[in-house]
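Values in this text are rule-based calculations from the coordinates and carry no lab data. From a predicted model like this one, the values you see are computed outputs, not experimental measurements. So basically every Cβ, Gly included, is an ideal-geometry build from the backbone, and we count neighbours across all protein chains shown.
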Amino acid sequence: MGLAAIKSFLYKIAIAIYVIVRILFYAIGILITVVFSGLMIGIMCEQFRDLRKETDLPAANARPLVKVEMYDEITEKTYFAVIYDDEGIEFLDEPFQTTIKLADTKFTYKITNKLYKHTDGHDILYSQCFSTGGRYFVFCQLNVNWWTPSQLYMWDEESQDLILIKEMDSVQIKGVAAPDASVPINVNFIPVSIYLNYRKQQ
């Protein structure tokens, strides 16, 4: 191999190394930008998110369905509100308390079994069943990219199915009460994880 050939070979290696370094440099720059942007978006969401401003008010003729205690997982704030049949929310200044008791497991299995057809194939991260004022409610969070759908359903006795009454992002329903309740009431509750384990054993 002559001197010219060696120089040409070394030159090609140098060019290849240069290209690889430039690609790595740009890739690292893009990664840093994405991570930094994600952190900034997260900080901004935490600072400026306010469920009171991000949810619709109920219409004048809307009917109240249930009182709820909501926990915002992003801002770590707790809200007390009334959910209406038009998905509107009226936030309350005064909190209310609930007493948690174990629900009728047979009826709970019946309700939660209906939940699967409403999840569009997404995994259920977390779920709870409540009963208050003669009505049953199911809350669940789904495993979806980029956000956490938090859905509250009401059991409809006539259709024997669940009706979605409210969907939000990264919110937990911690307790419920009848819409006209002014004193603490009982809340029936059973984690769906118990139900899921039960189904696996069948």
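Please find the FRET efficiency linking N145 to L10, where r is the Cβ-Cβ separation and R0 is fixed at 45 Å, and quote it to the nearest 0.05. Could the numbers behind the result be given before it?
Details: r = 47 Å, r/R0 = 1.05.
Here the calculated transfer efficiency is 0.45.
Return the subset of K77/K106; K77/K166; K53/K110 for which the Cα-Cα distance in this structure is over 25 Å, preserving the input order.
Values: K77/K106 34 Å; K77/K166 19 Å; K53/K110 36 Å.
The answer is K77/K106; K53/K110.
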Subtract the Cα-Cα distance of F107 and Y26 from 0.36 nm times their separation in residues, and report this length gain in nm to one decimal.
23.4 nm
Using only the alpha carbons, work out the radius of gyration and Dmax of the stretch 69-169 in angstrom.
14.0, 38
